[in-house]
1. Angle check, please: helix 72-91 long axis (alpha carbons) against the longest principal axis of the chain (alpha carbons), in degrees 0 to 90, nearest 10.
2. Round to the nearest 10 and give me the degree value, 0 to 90, for the angle of helix 130-157's Cα axis relative to the longest principal axis of the chain.
3. What whole number of Å gives the distance from the Cα centroid of segment 116-178 to the Cα centroid of segment 29-54?
4. Just order 18-30, 165-177, 36-48, 135-147 by mean Cβ neighbour count inside 10 Å, highest at the front, would you?
5. Please report Rg over Rh for segment 1-125, where both radii come from the alpha carbon positions and Rh follows the Kirkwood definition.
6. Have a look at Met31, Ser103, Ser17 and report the one farthest towards the positive end of the charge dipole of segment 10-109, computed about the Cα centre with Cβ charges (Lys/Arg +1, Asp/Glu -1).
7. Sort Phe87, Phe92, Phe105 by heavy-atom solvent-accessible area, probe 1.4 angstrom, most to least.
8. Could you give me the radius of gyration and the Dmax of segment 62-124, taking only the C-alpha atoms into account and expressing both in angstrom?
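The values are calculated or read from the model by the stated rules, or taken from the named source; none is laboratory data. All values derive from a computational prediction rather than experimental measurement. Note that we place each Cβ from the backbone using ideal geometry, even for glycine, and neighbour counts take in every protein chain shown. Keep in mind that these areas ignore ligands, DNA and RNA; they rest on the heavy atoms of the full protein, side chains included. Shrake-Rupley method; radii C 1.70, N 1.55, O 1.52, S 1.80 Å.
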Amino acid sequence: ANYLRNGVLLLVLMLISINLRPALTSIAPIMERIVADLSLSRASAGLITTIPVLLMGFLAPVAPLLARRWGQERVLTASMALLVVAFSIRYFSQYSFTLLLVSAFIAGMAIAIAGPLMSGLIKQYFARQITLAITIYSVSISLGASLAVALTIPIIKINSDHWERGLAAWGLLALMAF
């Protein structure tokens, strides 16, 4: 029973960690296409990735307060739910820069809150296996970032060349963590 519990906790750690970067890195391979399709300046388009990064800095101090109020697990679950919402909004963003910005804001909030709580999760559940847990966390974040960069364009191609579907597809990964 203890092995099963630890296995499930490691899987949860991995799934949440994998989801902490695709909202940012899935944009890069198709940024020029977004700029062209929505007639944006590059500076405006840059907001899609800048907003989440800014929120990571601004909201990181809020994460522990939310965890104390509602519990670490609930806040992490809510963060994954927010990511699902953000990616779902991206599905409808082909003609709307505003929707892309809203999705960037929601994704940024989710990442900004989940990220700092992961160290608490590791300390709480993996005190005896901290090196293993930190390794899984680090590799999983990198894996999520890399997969989003590598697979967004192939996902777009199998979805009739709709870039919004390629961005929204990462919501399925977030749904798995939710």
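1. That helix lies at roughly 10 degrees to the long axis.
2. Its long axis makes an angle of about 20 degrees.
3. Between the Cα centres of segment 29-54 and segment 116-178 lies a distance of 21 Å.
4. Top of the packing list down: 18-30, 165-177, 135-147, 36-48.
5. Numbers: Rg = 16.1 Å, Rh = 15.4 Å.
With Rh from the inverse mean 1/r over Cα pairs, Rg/Rh is 1.05.
6. Result: Ser17.
7. Numbers: Phe87 5, Phe92 145, Phe105 95 Å².
Listed by decreasing accessible area, they come as Phe92, Phe105, Phe87.
8. Both quantities, over Cα of segment 62-124: 13.2, 44 Å.
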